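Colleague: Structure provided below as structure tokens; questions to follow.
The values are calculated or read from the model by the stated rules, or taken from the named source; none is laboratory data. None of these values were measured; they are calculated from a predicted model. FYI the Cβ positions are ideal-geometry reconstructions off the backbone, even for glycines, and counts take in every protein chain you see. We work out accessible area using only protein heavy atoms, side chains counted, and drop any ligands, DNA or RNA first. Shrake-Rupley method; radii C 1.70, N 1.55, O 1.52, S 1.80 Å.
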Amino acid sequence: MQKKLKLWDATMLVMGSMIGSGIFIVSADMMRNLGSGYWMIVVWIITGIMTVSAAISYGELSALFPKAGGQYTYLTEIFGKKMGFLYGWGLFTVIQTGTIAAVAMAFGKFTAYLVPSLNNAEPIFQSGEFQITWIQMLAIIIILLLTYINTRGVESGKLLQNLFTGSKILALLGLIAAGFILVDVSHLAENFSFGQEAFNNLDKDSAGNLLKTGWEPIGGMTLLGGIAAAMVGSVFSSVAWESVTFVSGEIENPKKNVVKSMILGTSAVMIIYIAVNFVYLNAIDRDAIAFAANDRVAVAASQNIFGNAGTVIIAVLVMVSTFGCNNGLILAGARVFQTMAKDGLFFKSASENNKNSVPSNALWMQGIWASLLCLSGQYGNLLDMISFVIVLFYMITVFGVIYLRIKQPKLERPYKTWLYPVTPIIYLVIGAAFCILLLIYKQQYTWPGFIIVLLGLPVYYFINRKKSA
């Protein structure tokens, strides 16, 4: 593979893949689960510590195995092909492709803000509850367009990634500044109130609405359940940073630059996320956050900051953000499926590079499946179900750092995890608490995703039986 990605490009890939549509939407559901701006910021900080701890831990593995495939390669090298395959199976069926579909649909929905006829148009096809809309078609066009651009070579994908990631970072920094400069009345103090007192101060209608959506007065285990449910949103908004490990084979000096890009990228994004949430809490009150129309809390805040132009500003920002995010996801994901194909665990044709030195067949397979998920309309449900599994795979990979230190202590490590073993243990403790609380309070987010991944086992045995024969 040609090493055409520098440290800056890798960092832009990390940040661009992380910042999609989540930061503009998930805070509404988080507020409904927590009922307090104080706890909402606490959850974002916990997610930030968790994310950066994982990135620091992954750095040791990226230096040990500086080749394409990233997390799939780490799991395969440490725990064997079966574990690697289950991760790759989950990545192709839902994690990567489902995220691509969800982000593309967010692009379509916010485009409909600027072009209302997209919302008002009759479905292209409808049979019972199943329908194909023009927004779905726009999402598919975006996926296929970005897939095509990335088949033209890594330089094309890199240029697009840097342009769109740079644009959305500047736009978010502008939103953060405006959110404190242009707001006449700050709601920070009232939004930071929490507990039974805050609940009692709500008017009866608002309290009734909060209870209908599942929020209860904060205290004891209720708070822990609310934190777990809220973290589904913050974790979803903070994943995909590991995409840079998928393209390690195309990064200059990967033993150093992959880990640097992960730590720089995740730290910068989490700081931006926390700052954006302070803007929401400053610009609008708790009810406006919790009950924002279609959960578009960024639109509600932006209207208070910029007036009527706020809707257009956020719509354009989300379009730029989701377009750049999907480019990063599409560029990186295909490299995993190519590596799996080389290991005999995916379609053989996916292993081949085209004349532009990129895995075009793997790119198109990924793009077609993501497009089908757009048509199914089930990408959102799938992603809710898979959040638990994403964190489980992160935990297994982070545990791999400790496991290798014990099993192969003399292995030469170009980079060693900062503050080892504290850093990986921090991630494992927070991740385990998150998963256990979900199992207790939100089981619909857990076992369905686990079953999707376990369905890969018979596929794995079938492939290996065929190979043995």
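Colleague: Keeping all protein chains in position, work out how much accessible area Leu428 exposes to a 1.4 Å probe, and write it in Å² to the nearest 10.
Modeller: In the full protein context, Leu428 sits at about 40 Å².
Colleague: Please report the spacing between the Cα centers of the stretch 30-61 and the stretch 294-320 in Å, no decimals.
Modeller: Here the answer is 24 Å between Cα centres.
Colleague: Hey, if you drop one equal point scatterer on each alpha-carbon of the stretch 325-428 and run the Debye formula without solvent, what base-10 log of I(q)/I(0) do you get at q = 0.24 Å⁻¹?
Modeller: -1.16
Colleague: Nothing charged except the Cβ atoms of Lys and Arg (+1) and of Asp and Glu (-1): what's the magnitude of the dipole of the stretch 1-153 about its Cα centre? Round to the nearest 20 debye.
Modeller: 480
Colleague: Could you report the accessible area of Arg152 in Å², rounded to 10, computed with a 1.4 Å probe on the protein chains as they sit in the structure?
Modeller: 120
Colleague: Quote to one decimal, in nm, the extra length available between Phe180 and Val312 on full extension: 0.36 nm per residue of separation minus the C-alpha distance between them.
Modeller: 45.6 nm is the gain from fully extending Phe180 to Val312.
Colleague: Starting from the exponent 0.38 and prefactor 2.2 Å, build the expected Rg for the stretch 129-184 from its residue count and divide its actual Cα Rg by it.
Modeller: 1.70
Colleague: Moving to a separate point now. Determine the principal axes of the Cα atoms in the stretch 58-185, then give the extent along each, sorted from largest to smallest and rounded to whole angstroms.
Modeller: Per principal axis, max minus min of the Cα coordinates gives 51, 50, 35 Å.
Colleague: Where in the stretch 308-327 does the label zone of Val115 land, with the point 7 angstrom along Cα→C-beta and an amide N cut-off under 18 Å?
Modeller: Zone members listed by number: 312-324.
Colleague: Any idea what log10 I(q)/I(0) is at q = 0.13, 0.20, 0.26 Å⁻¹ for the stretch 1-74, Debye with uniform C-alpha scatterers and no solvent?
Modeller: Treating every Cα as an identical point scatterer, log10 I(q)/I(0) equals -0.58, -1.00, -1.28.
Colleague: Another question, if that's okay. Counting only pairs 8 or more residues apart or on different chains, how many lysine pairs in the stretch 61-183 have their Cα atoms under 24 Å apart?
Modeller: Total qualifying Lys-Lys pairs in the stretch 61-183 comes to 5.
Colleague: Cα convex hull of the stretch 233-351: how many Å³ per residue?
Modeller: 136
Colleague: How much FRET efficiency would the formula 1/(1 + (r/R0)^6) give for Leu163 and Asn356, where r is the Cβ-Cβ distance and R0 is 22 Å, rounded to 0.05?
Modeller: It comes to 0.70.
Colleague: Can you give the Rg to Rh ratio for the stretch 1-142, taking only C-alpha atoms and Rh from Kirkwood?
Modeller: Across the stretch 1-142, the Cα-based Rg/Rh ratio is 1.05.
Colleague: Could I ask something else about it? Which aspartates and glutamates have a Cα less than 18 Å from the Cα of Lys256, not counting those fewer than 8 places away in the same chain?
Modeller: Asp9, Glu60, Glu242, Glu412
Colleague: Points 7 angstrom from Cα along the Cβ direction at Ile368 and Ile451: gap in nanometres?
Modeller: Here the answer is 2.8 nm between the modelled labels.
Colleague: For Lys4, give me every one of the aspartates and glutamates with a C-alpha distance below 15 angstrom, ignoring sequence neighbours fewer than eight places off in its own chain.
Modeller: Counting by Cα, and skipping residues close in sequence, Lys4 has these aspartates and glutamates nearby: Glu155, Glu250, Glu252.
Colleague: I would also like to ask the following. If you project the alpha carbons of the chain onto the principal axes, what extent comes out on each, in Å, largest first?
Modeller: 68, 51, 43
Colleague: Find how much the distance from Glu412 to Leu170 grows on full extension, using 0.36 nm per residue of separation minus their present alpha carbon separation; answer in nm with one decimal.
Modeller: 83.1 nm
Colleague: If you roll a 1.4 Å probe over the heavy atoms of the protein chains, what accessible area per residue do you get for the stretch 222-380, in Å²?
Modeller: Heavy-atom accessible area per residue stands at 30 Å².
Colleague: Further question: Please report, in Å, the Rg and the Dmax of the stretch 287-334, where both are computed over Cα atoms only.
Modeller: Using the Cα atoms of the stretch 287-334, the pair Rg, Dmax is 13.7, 42 Å.
Colleague: Further question on the same structure: On the protein heavy atoms, probe 1.4 angstrom, tell me the percent of accessible surface of the stretch 333-468 carried by carbon and sulfur.
Modeller: Solvent-exposed carbon and sulfur of the stretch 333-468 make up 67 percent of the total.
Colleague: For every helix of n ≥ 4 consecutive DSSP H residues, a contribution of -39,500 (n - 2.57) applies; sum these over the chain, divide by its total residues, and give [θ] at 222 nm rounded to the nearest 500 deg cm²/dmol.
Modeller: Only helices count here, giving -24000 deg cm²/dmol.
Colleague: Still on this structure, I have one more. With an 8 Å cut-off on Cα pairs and a minimum separation of 6 or more residues, tell me the relative contact order of the chain in percent.
Modeller: RCO, the chain: 36 percent.
Colleague: Taking 0.36 nm per residue of separation and subtracting the Cα-Cα distance, what length does fully extending Asp285 through Lys348 add?
Modeller: Between Asp285 and Lys348, full extension yields an extra 17.2 nm.
Colleague: Could you work out how far the C-alpha centroid of the stretch 386-415 sits from that of the stretch 229-246, in angstrom?
Modeller: That distance is 18 Å.
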